Amino acid sequence: MLQKFNALNRDIVVNVDGKLLHRDQAGISSFDSAVQGGDAVWEGLRLYRGRIFKLREHLDRLRSSALALAFQGIPSHEKITEELKRTLAANGMRDGVDIRLTLTRGVKVTSGMDPRLNQSGPTLIILAEHKPPVYPQDGISLLTSAIRRFPPDCLDPKIHHANLLQSILAKIQANEAGADDALMLDSRGFVAETNATNVFLVSGGAVLTPFPVACPEGITRVILGVRPNSPHTTTATSWSRPRAWRSSMRAESAPSSRGNSSRDLGKFMPSPPCQSQRL
């Protein structure tokens, strides 16, 4: 499963700190914290018929993550919403749009790790693309990765940060094994999530999804009406359940049809219809 270039995105405009730039000219400073140390937070959004789905919840989580990392001068919800409007209007976008909203700690006065070197406030980046949900509805294969998710005493999963090395390493393993994505465990061997999404299992008429101990507090799974209720799900549990699926805001929901590239996990349970929030 490899995403492909969409010709509709050939001349899209990207918003970098309020400047609307053609994708070929858009860029950030080499002194920006996202370049220096992956020091940024982000949210993935979807646009449906002129509305961004659960925008306020995502902006709340973005601010919460930025505060946890002690960002200074975090832009208000109103400011970010206005920049989202400008970006979508400049691209003539109304539906079927994937938005990556990134807030970095900002530009440093000189290279270095110390946040005190950031003296001009955060950098806001809005990348909106014409993009359907990336996962097929007929099921995907999952490889159980050897890369583990951090527990909260190592790195709090409630911080939705842009340093995705764990996910990238797990995705590399899945690619090399010919699987679509990777199922990731926590440091104790319990199911946490995939490299990109929350994960769900059906057992005894109930839907199970892990507590956010080693995975983020997913907005989509709350919308689906599923509260975290399974702190000790193992891979054996995963293979024995007749239905499994995964979800995220950008990918929507998709069935997991196989595990370890061969074990059958059956069909998925479709999610309820979505509701969106008007910009």
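Restrict the check to the stretch 131-152 and report whether at least one residue is surrounded by fewer than 15 Cβ atoms within 10 Å (Cβ to Cβ), of a type in the set (A, V, I, L, M) and farther than 22 Å from residue 3 by Cα.
yes
Quick one: in the stretch 1-39, of everything that is of a type in the set (Gly, Ala, Ser) and closer than 30 Å to residue 142 by Cβ, which residue is surrounded by the fewest Cβ atoms within 10 Å (Cβ to Cβ)?
Of all residues in the stretch 1-39, those of a type in the set (Gly, Ala, Ser) come to 7, 18, 26-27, 29-30, 33-34, 37-38.
Next, from what is left, pick out any that are closer than 30 Å to residue 142 by Cβ: 34, 38.
On the way: 34: 22, 38: 13.
Step by step, filter the stretch 1-39, then rank; the result is 38.
Considering only residues that are charged (D, E, K, R) and buried (at least 17 other Cβ atoms within 10 Å of the Cβ), look in the stretch 108-130 and name the one that is nearest to residue 89 (Cα to Cα). Talk me through it step by step, then tell me what you get.
From the stretch 108-130, those charged (D, E, K, R) are 108, 114, 116, 129; that's our starting set.
Now narrow it down to the ones that are buried (at least 17 other Cβ atoms within 10 Å of the Cβ): 108, 129.
On the way: 108: 31, 129: 13 Å.
Selected residue: 129.
Return yes or no: is residue 91 touching a strand residue (DSSP E or B) at 6+ places or on another chain (Cβ under 6 Å), touching a residue at least 24 places away in the same chain (Cβ under 8 Å) and under 24 Å from residue 23 (Cβ atoms)?
Judged against the criteria, residue 91 is a match.
Of the residues 65, 76, which is without any contact (Cβ under 8 Å) to a residue 24 or more places away in the chain and farther than 17 Å from residue 16 by Cβ? Steps first, answer last, please.
On the way: 65 fails: without any contact (Cβ under 8 Å) to a residue 24 or more places away in the chain.
Of 65, 76, the one residue that is without any contact (Cβ under 8 Å) to a residue 24 or more places away in the chain and farther than 17 Å from residue 16 by Cβ is 76.
Between a residue in the stretch 222-237 that is surrounded by fewer than 12 Cβ atoms within 10 Å (Cβ to Cβ) and any residue that is modelled with pLDDT under 65, which pairs come within a Cβ distance under 8 Å, given they are 6 or more apart or on different chains?
225/272
Look through 46, 94, 51, 105 and report the one residue that is exposed (fewer than 15 other Cβ atoms within 10 Å of the Cβ) and not polar (S, T, N, Q).
Only one candidate qualifies: 94.
Within the stretch 62-80, how many residues are among the charged types (D, E, K, R) and buried (at least 21 other Cβ atoms within 10 Å of the Cβ)?
0
Residues 247, 271, 256, 276: which one is closer than 26 Å to residue 42 by Cα, under 17 Å from the mean Cα position of the chain (by Cα) and modelled with pLDDT under 60?
Among 247, 271, 256, 276, only 247 is closer than 26 Å to residue 42 by Cα, under 17 Å from the mean Cα position of the chain (by Cα) and modelled with pLDDT under 60.
For the stretch 182-190, does any single residue satisfy the condition of being of a type outside the set (Lys, Arg), part of a loop (DSSP other than H, G, I, E, B) and either in contact with a His (Cβ under 8 Å, 6 or more places away or on another chain) or in contact (Cβ under 8 Å) with a residue 40 or more places away in the chain (or both)?
Step one: filter the stretch 182-190 for residues of a type outside the set (Lys, Arg), giving 182-187, 189-190.
Pick out the ones that are also part of a loop (DSSP other than H, G, I, E, B) and you get 186-187, 189-190.
When the remaining residues are screened for being either in contact with a His (Cβ under 8 Å, 6 or more places away or on another chain) or in contact (Cβ under 8 Å) with a residue 40 or more places away in the chain (or both), the result is 189-190.
Checked against the condition, which is being of a type outside the set (Lys, Arg), part of a loop (DSSP other than H, G, I, E, B) and either in contact with a His (Cβ under 8 Å, 6 or more places away or on another chain) or in contact (Cβ under 8 Å) with a residue 40 or more places away in the chain (or both), the stretch 182-190 yields at least one hit.
How many of the residues in the stretch 33-74 are closer than 19 Å to residue 159 by Cβ and assigned to a strand (DSSP E or B)?
6
Determine if the stretch 155-172 includes at least one residue that is assigned to a loop (DSSP other than H, G, I, E, B) and buried (at least 22 other Cβ atoms within 10 Å of the Cβ).
No; the residues of the stretch 155-172 include none that is assigned to a loop (DSSP other than H, G, I, E, B) and buried (at least 22 other Cβ atoms within 10 Å of the Cβ).
The values are calculated or read from the model by the stated rules, or taken from the named source; none is laboratory data. Bear in mind the structure is a predicted one, so any value in this text is a computation, not a measurement. Every residue, glycine as well, gets a Cβ built from its backbone with ideal geometry; the counts of neighbours run over all protein chains shown.
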